[in-house]
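Have a look at the structure below, then the notes.
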Amino acid sequence: MTEAIKLPRNLALYLLEEGDLESPEPMDGYAFEAVQDCGSSRWSSHHRLIIRRESDGALFASEDYHRGLTENQEDDYWSGDYYGVEEEGFIHFHPVEKVALTTYEYKQVGK
């Protein structure tokens, strides 16, 4: 079974920024895989960074980070104000697996 890992906060931020690029570059043996939306509260949206370990393809999810929904709320990328930063400067990631999902959309009939 794959064990949880912890990565330096600056590496997690780098991988998150790489996710915005067309072809993300791996760093220190890890690569950006996805950002998972985890819901929202009144003032912020909640997300998890999904990364892939290059040596074996194992996937890991960070604890939530928060993005402000208005110009008055600041983004919180694992600063320690929320859970996920137990040790200063490190972010905890737990193992996850990719699961295929089926979704449905509904369209009006007769038009």
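The numbers here are math on the coordinates, done by the rules we state, and not lab data. Keep in mind that what you see is a predicted model, and the values were worked out from it rather than measured. So basically every Cβ, Gly included, is an ideal-geometry build from the backbone, and we count neighbours across all protein chains shown.
Around the amide H of Glu54, modelled in the peptide plane, lie the amide H atoms of Tyr30, Ala31, all under 5 Å away and 5 or more residues distant in sequence or on another chain.
With +1 on each Lys and Arg Cβ and -1 on each Asp and Glu Cβ, how big is the dipole of the chain about its Cα centre, in debye rounded to the nearest 20? In total the dipole reaches around 640 debye. With contacts taken as Cα pairs under 8 Å and at least 6 residues apart, region 5-96 reaches a relative contact order of 27 percent. Rg then Dmax, both in Å and based on the Cα atoms of the chain: 16.2, 59. When each of the peptides 42-50, 1-9, 20-28, 98-106 is scored by the mean number of other C-beta atoms lying within 10 Å of its residues, the order from highest to lowest reads 42-50, 1-9, 20-28, 98-106. Computed from Cα atoms, the angle from the helix 9-18 axis to the main principal axis of the chain rounds to 40 degrees.
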